[in-house]
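Notes follow once the structure below has been shown.
The values are calculated or read from the model by the stated rules, or taken from the named source; none is laboratory data. Being a predicted model, the structure only gives us computed values, none of them experimental. Every residue, glycine among them, receives a Cβ derived from its backbone with ideal geometry; neighbour counts consider all protein chains shown. When the accessible area is computed, the model is the full protein with side chains, heavy atoms only, and any ligands, DNA or RNA have been set aside. Shrake-Rupley method; radii C 1.70, N 1.55, O 1.52, S 1.80 Å.
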Amino acid sequence: MSVTQQHLLDTYRALTLGEPAPPAPGTRDRRAVRERRDERRPRAGRHGLRDALRRWRRRPYPT
């Protein structure tokens, strides 16, 4: 069964049961990819001050 056929079947079932129709396939693809990308991206501001102080303490002393 293809994605389109499954969507049509789900829409028919929702209409017969009086429920809202499901979203069309592919409607949320961009948002899902963007959310996944943002989850994997490191956050710069998360521990910015703590990381900056750690780098400052570990810097080599001038000779």
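Taking the chain as the reference, fit the longest principal axis to its C-alpha atoms, fit the long axis of helix 3-17 to the helix C-alpha atoms, and give the angle between the two in degrees, 0 to 90, nearest 10. For helix 3-17, the angle is close to 70 degrees. Full extension of the chain segment joining R30 with Y12 gains 3.9 nm, where the gain is 0.36 nm per residue of separation less the Cα-Cα distance. Largest first, the residues Y12, Y61 sort by 1.4 Å accessible area into Y61, Y12. Calculated accessible area for the chain comes out at 103 Å² per residue, all protein chains present (probe 1.4 Å; ligands, DNA, RNA ignored). The calculated FRET efficiency for R40 paired with V3, based on their beta-carbon distance and R0 = 35 Å, is about 0.85. Rolling a 1.4 Å probe over the protein chains gives R13 an accessible area of about 120 Å². Accessible surface for V33 stands near 100 Å², nearest 10, in the context of the full protein assembly shown (1.4 Å probe).
Ranked by solvent-accessible area (1.4 Å probe, protein heavy atoms only, all chains present), the residues H7, H47 order from largest to smallest as H47, H7.
Rounded to the nearest 500, the 222 nm mean residue ellipticity of the chain from helices alone is -18500 deg cm²/dmol, with -39,500 (n - 2.57) taken per DSSP H run of at least 4 residues.
With +1 on the Cβ of every Lys and Arg and -1 on the Cβ of every Asp and Glu, and nothing else charged, how large is the dipole of the chain about its Cα centre, in debye rounded to the nearest 20? Kindly include the intermediate steps, with their values, before the conclusion.
Numbers: 17 positive and 7 negative charges, 213 e Å.
Using Cβ point charges on Lys, Arg, Asp and Glu, the chain gives about 1020 debye.
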